[in-house]
1. Could you tell me the number of lysine pairs in the stretch 502-640 with C-alpha atoms less than 19 Å from each other, where the two lysines are 8 or more residues apart or belong to different chains?
2. Counting heavy atoms of the protein chains only and a 1.4 Å probe, report the per residue accessible area for the chain as a whole number of Å².
3. Helix 265-278 against the longest principal axis of the chain: what's the angle in degrees, Cα atoms only, rounded to the nearest 10?
4. Picking from GLY630, GLY149, PRO43, whose Cα lies most toward the positive end of the charge dipole for the chain (charges on Cβ: Lys, Arg +1; Asp, Glu -1)?
5. Give me log10 I(q)/I(0) at q = 0.10 Å⁻¹ for the stretch 550-654, Debye formula, one equal scatterer per alpha-carbon, no solvent.
6. Is the stretch 326-372 rounded, prolate or oblate when judged by the Cα gyration tensor, a ≥ b ≥ c being the square roots of its eigenvalues, rounded requiring a/c under 1.5 and prolate requiring a/b larger than b/c?
7. Could you tell me, in Å, what Rg and Dmax come out for the Cα atoms of the stretch 342-414?
8. Between the helical axis of 798-812 and the dominant principal axis of the chain, each derived from Cα atoms, what acute angle in degrees is found, rounded to the nearest 10?
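The values are calculated or read from the model by the stated rules, or taken from the named source; none is laboratory data. These numbers come from a predicted model, not from an experiment. Every residue, glycine among them, receives a Cβ derived from its backbone with ideal geometry; neighbour counts consider all protein chains shown. Ligands, DNA and RNA are stripped out before the accessible areas are found, and what is left, the full protein with its side chains, is counted by its heavy atoms. Shrake-Rupley method; radii C 1.70, N 1.55, O 1.52, S 1.80 Å.
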Amino acid sequence: MRELDLLAAIERWFADRNWTPWEFQRQSWRAFLEGRDGLIQVPTGAGKTYAAYFGALALLRHELSQGPAPGLRILYITPLRAVSRDIELALRAPAADLCPSALVETRTGDTKASIRAKQRDRLPHILITTPESLTLLLTRPNAADLLGGVRAVIADEWHELLSSKRGSQTELALARLRRFAPTVRTWALSATIANAQEAAYAAAGVGRDPVIIRAPMQREVIIDSVIPADLRRLPLAGHLGMSMLPDVISAIDPDVSTLVFTNTRSQAERWFHAIAMTMPQWADRMALHHGSIDRDEREAVEAGLKNGALRIVVATSSLDLGVDFSPVERVFQIGSVKGVSRLVQRAGRASHRPFQPCRITCVPTHGLELFEIDAVRRAVAAGHMEPRDSFNKPLDVLAQHLVTCGLGGGFDADDLFEEVRTAWSFRSLTREEFDWAISLVREGGGTLAAYPEYHRIAPVSPGTHRYHVPSARIAQLHRLNVGTITGDGTLDIRYLSGRSLGRIEEGFIAGLRAGQKFVFAGKVVSFVMLKDLVAYVKPAKGNTSYTPIWGGTKLPISESLAAAIRCALERSASGIADSPELAAASSIIAIQQRLSRIPRSDELLIETSSSREGRHLFIFPFEGRLVHAGLASIIALRLSQSRKATFAMAVNDYGLELACTDPFPFEEFLGPRLFSPDDLDAQAQESINMTELAKLQFRDVARVSGLVFQNYPGAQKTARQSQAGAGLIFDVLREFDPGNLLLRQAEREVMDRHFEQSRLFRTMERLASSRLTHVDTQRFTPLSFPLVIERQAGRLSSETILERVEKMCLEWGLE
């Protein structure tokens, strides 16, 4: 059937609603019907979903007009199961008009058991799912029959999946799907990504020619800030920003639908509680939303935002993606934006309509964040978004995929090797690495061959290269543990009545005593007991600021934002104060210039100072805390190799500190050689306790690869139990199989997770060629003092830290 005939019904559907499709949508539909894969990159709220969907829907309409066509045809993958219901509604509406007989359903971990049971026998025509649920479909013995009729895959928020193991898992699943359905077309959606071509290849697969669809319909992003009238209330360090509470409350209009974003769940809890306590008259129009809150409560909050019942919601990244809350008109960002794309994504939640300007108001939590706000505004204007790079052949993900394929009808090793290499993340996989992974899941890699539980696949018959999973128990355990999301161990938290509040970290609960009050899900509760891996609490009266702290919450600033911050500092050093933030930071700039200097973008500022604690070295690359952590370790190693010494270290997003109780002569060693990237890998590993860090990281690798399981039928292991099991395997492999590829992977992940290794190399190259400026200061400066506070925060009370800050402000003349 001709393309124009297929699209005519789509055009009429739009016309009936007095809508006109955008040209990029028509372009996407035509490309799909021509058999092309693609990536659609247009701003949030412009209509990406319908651009990817209607070409496939037109094809489905034609197919159904020829007679019944049972089976899955359109597969929609979302990284967030929380938004699957919204997506289902968005896809169901046009399907009901254009394809009345088409079934539209969702399959995620939240789908009711009764619906999942029906889907065991037949899948709908259109299915919304997650990477994990797609992988579970691939474990079906009849996976080839179930998925062989798929015509289209839509990967939503592709940038979020791309740079994680979930992205690698999705790429492998899509490679398998292309084996079952050779004519399937894959379309990825993303509003904010710099390396669109690579992202398109990752979605479409190696050897295909995806088209990239863009549109000249940029939405203006208005970035302003809340600046206190009295700048003395803006501290020099910290990230909670509670001193800005009065200013934020003054800026919020309770009649305007508003999202208040924070960077961590703990910070969200603190801000929600503080606003609610300060403005109790807003209580019935306020809510809290983050990933650890019970799903039913999160869905109630989302519904309240949509229907206007809620006007103010404090949230984390749980509301960053995928959800269209049209009533939202105002967005606040508490604290560092961390990245350019991240800010644009959050700003796009406001005024979610094509061409409509979106406004985000940044709230600095300390004085130096004023430079970040100025920097990110200029970076957005220049279009400097961050790239998202895919993982490089993670073998733990491959091992899991091999068992998935063994369950899903079995596989031929030669065929699967070629298939896996069509996944972008695994395009450089060697046959030796693939065979090693086969050996791992066939007999535990040899080292673990004596244990039957590691014999997960077996030849269908002796001497063949076709494998399957013969054990029903292995099959059950694999399906219970599918996925790459590991994270820290969490427990259910419930009232004594049994009502669920959400999930909370094991470590936090372990430190509580009976009756201790804390804030969770915006409510003050008191701890009762821990029983059967459930933390029981009861409502408590009174107030408390004690809040759970979730792991993995200290994100570094991105490389793009770091470069923009260095440019902002250079402008301020030249006396330019052409933004409200730089004007507000004038006192900080003046003090830094008086005591030391403001570095230019091609300059590395190094400060030394003496105090009662000893001698201090401060270095300011402005490259993010992870890079600075690696740099501090390497510099400490190099200095101690030249002269024996022990250093205490501190890092933040702007710089690093090395402190020595002895009068160490830092000045003698300051030069380009100190920052040379030569021998970086070996020295980085020598500078840290690689064995222990790799052992901790190996828990995640072992969990993904299936060497340890966390979920069992009717039970779940704690993170501590999983760590113990993984630790034993790590020790065995390290002693008897030191070249084990999963051990090497764990070490690489340590370097990337703790140091951003590739970025660290680029940073050291830049620093080695930069102009070094050393200033010996008589007292700590606005740049160095926050590092001192960072180092001391773990052993000083908040009152003592506040006293030190106030004293330093007096010394600087900030009265």
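1. Values: LYS517/LYS531; LYS517/LYS538; LYS517/LYS541; LYS523/LYS538; LYS523/LYS541.
Taking the Cα cut-off of 19 Å, the pair count is 5.
2. Numbers: 32150 Å² over 815 residues.
Result: 39 Å² of accessible area for each residue.
3. Its long axis makes an angle of about 70 degrees.
4. GLY149
5. Taking Cα atoms of the stretch 550-654 as identical point scatterers yields -0.36.
6. Details: a/c = 3.03, a/b = 2.15, b/c = 1.41.
The shape class here is prolate.
7. Final numbers for Rg and Dmax: 21.8, 60 Å.
8. Once rounded, one gets 50 degrees.
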